[in-house]
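Data first, discussion second: the structure below is written as structure tokens.
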Amino acid sequence: MEYERSIQEFTLSYQRHPDDPDSINHLLNAVLFHELYRIGALSAGEYANDSFINAPHEPADPRTCEQIKSLVQKALASENRRLEANSKDVGALYARGVTKAEFATYTALIEHAWFSALRNAVSARHDHEKVLELNPNNVDAKLIVGAHNYVVGNLPWAVKTASSAVGLGGNKEKGLDYLHEAAAANGETSVDAKIVLVVFLRRERRYDESLQILRTLEPQYPHNVLFAMEEGNLLSTKGQGGEAAAVYRRVWQEGRNGRYAGLHYEIAATALGDLLRRQKNYSAAAAAYEQVGEIQKPDLQIAQRAALGAGEMYDLLQKRDLALKKYEAVVEVDAHSPQAEIARKRMKEPYKGS
């Protein structure tokens, strides 16, 4: 998650090797995921079900979107030139599959162009299946093939049948097996495969397996706040509220101590507030939400969520004056957001719980 540094280093590599699709793809990946993090689209909880389809995020930066599309075009041009010269160029096929998979991620999560994303994802899978035909030992290619197998295998029966009719079969267990192989191989896609497994196993409610993989990643990436938060989220989902609260408090304190410099560790305070709220400990939940105000420059969406949550807790605690101040703070941050709309309703009528 050291996005700025990685972008700088990959930019230098790209400048030295402007026609190398791998060099372009590395820069593309860094720019894309930096933007996904900035807009708030990297919460694993959204992908534990289908809520990511309608999840509200910050708007993407138009200049970054143009940069992403430009890098995709440059990578595809380089890859296609090599494949026109040699259709069995495994390196070019692998690189093209990566480019298309990155573009599928972009079109899905930033543009919400689902059919375009599907076309690119299918094409990426075909490229990497071809890689595996030509070189069965290329375990890195099993990341995309495995992920796509899982997704298609997870579709409703009627959709899955239609997909099979056009040659797009899928099998959840085969997909998970491929991902486990990629994760164990310690290749370029090993860490990516582990992250995908954490998300997919959570969808399958195989929480202990998901936690086991996640806990191998946390020591490798001690400054990655998303890994640290996901441990708390998984424990909370498992029903281990006390352990989850301890994780959130640890993330908050380590963030205050500088471990997650430049990252929005204040999400730990809102997660703790949400957890305490579900436990009906409204006073402690309000205190947790209030912690976000201690951050000098919190993420605006997180700040709004925290202020709205604190306001609702104060209403339940019969502290209407404090609640109104919090609702006003929500509107002050961004008067046009969905949270502001809710806050205006709360100003007219106190929150009574739901």
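General observations
- The peptide list 308-320, 283-295, put in order of mean Cβ contacts within 10 Å with the highest first, becomes 308-320, 283-295.
- Compared with the dominant Cα axis of the chain, that is its longest principal axis, helix 241-256 is turned about 80°.
- Residue-count net charge about Arg206 - beta-carbon cut-off 13 Å; Lys, Arg +1, Asp, Glu -1: +1
- Three principal axis lengths of segment 227-310 [C-alpha, angstrom, descending]: 32, 26, 18
- Hits among aspartates and glutamates - C-alpha to C-alpha of Lys326 under 15 Å, sequence gap 8 or more where chains match: Glu290, Glu294, Glu312, Asp315, Asp334, Glu341, Glu349
- Rounded FRET efficiency, nearest 0.05, which uses the C-beta distance separating Asn257 from Gln73 and R0 of 41 Å: 0.40
- Net charge of the neighbourhood of Pro222, taken over other residues with C-beta under 13 Å away and scored Lys/Arg +1, Asp/Glu -1, is -1.
- Multiplying the residue separation of Ala335 and Glu181 by 0.36 nm and removing their Cα-Cα distance gives an extension gain of 50.6 nm.
- Cα gyration tensor shape for segment 1-154, rounded if a/c is under 1.5, else prolate or oblate: oblate
- Mean separation of Cα contacts under 8 Å (6+ apart) over length of the chain, as relative contact order %: 8
- Around Gly97: net Lys/Arg minus Asp/Glu count, Cβ-Cβ under 15 Å: -2
- Using θ = phi - 60° in the Karplus curve 6.51 cos²θ - 1.76 cosθ + 1.60, the 3J(HN,Hα) couplings for segment 119-135 round to 4, 5, 5, 5, 5, 4, 4, 4, 4, 7, 5, 5, 4, 5, 5, 6, 9 Hz; x is entered for Gly and Pro.
- Partner lysines for Lys74 [C-alpha distance under 25 Å; skip if fewer than 8 residues away on the same chain]: Lys88, Lys100, Lys130, Lys142
- Most to least packed among 264-272, 108-116, 327-335 [average Cβ atoms within 10 Å]: 264-272, 327-335, 108-116
- The chain: calculated mean residue ellipticity at 222 nm from DSSP helix runs of at least 4, using -39500 (n - 2.57): -23000 deg cm²/dmol
- Theoretical gain in end-to-end length, Leu317 to Lys345 [0.36 nm per residue, Cα-Cα removed]: 8.3 nm
- Theoretical FRET efficiency, 1/(1+(r/R0)^6), r = Cβ-Cβ of Asp89 and Arg249, R0 35 Å, to 0.05: 0.10
- Of the residues Gly97, Gly273, Gly262, the one that moves most in a GNM of the chain with alpha-carbon contacts below 10 Å is Gly262.
- Taking the empirical scaling 2.2 N^0.38 Å for compact globular proteins as reference, segment 315-354 has a Cα radius of gyration ratio of 1.09.
- By the count of neighbouring beta-carbon atoms within 10 Å, fewest first, Tyr207, Tyr260 end up ordered Tyr207, Tyr260.
- Stokes-Einstein D in µm²/s, Kirkwood radius over Cα pairs - the chain at 10 °C with 1.306 mPa s viscosity: 72
- Rough spin-label spacing in nm, given labels placed 7 Å along Cα→Cβ, for Glu4 and Ala113: 3.1
- Listed peptides 98-107, 185-194 by packing density, highest first (mean Cβ within 10 Å): 98-107, 185-194
- Label-reachable residues, segment 14-40, where backbone N falls under 13 Å from a point 7 Å from Glu133's Cα toward its Cβ: none
- Taking label points 7 Å from Cα along the Cα-to-Cβ direction, Asn80 and Arg203 give a separation of 3.0 nm.
Each reported figure results from applying straightforward, stated rules to the coordinates on display, with no laboratory input. This one's a predicted model, so the numbers in the text were calculated from it and none came from an experiment. Heads up, the Cβs are rebuilt from the backbone with ideal geometry, glycines too, and the neighbour counts pull from every protein chain shown.
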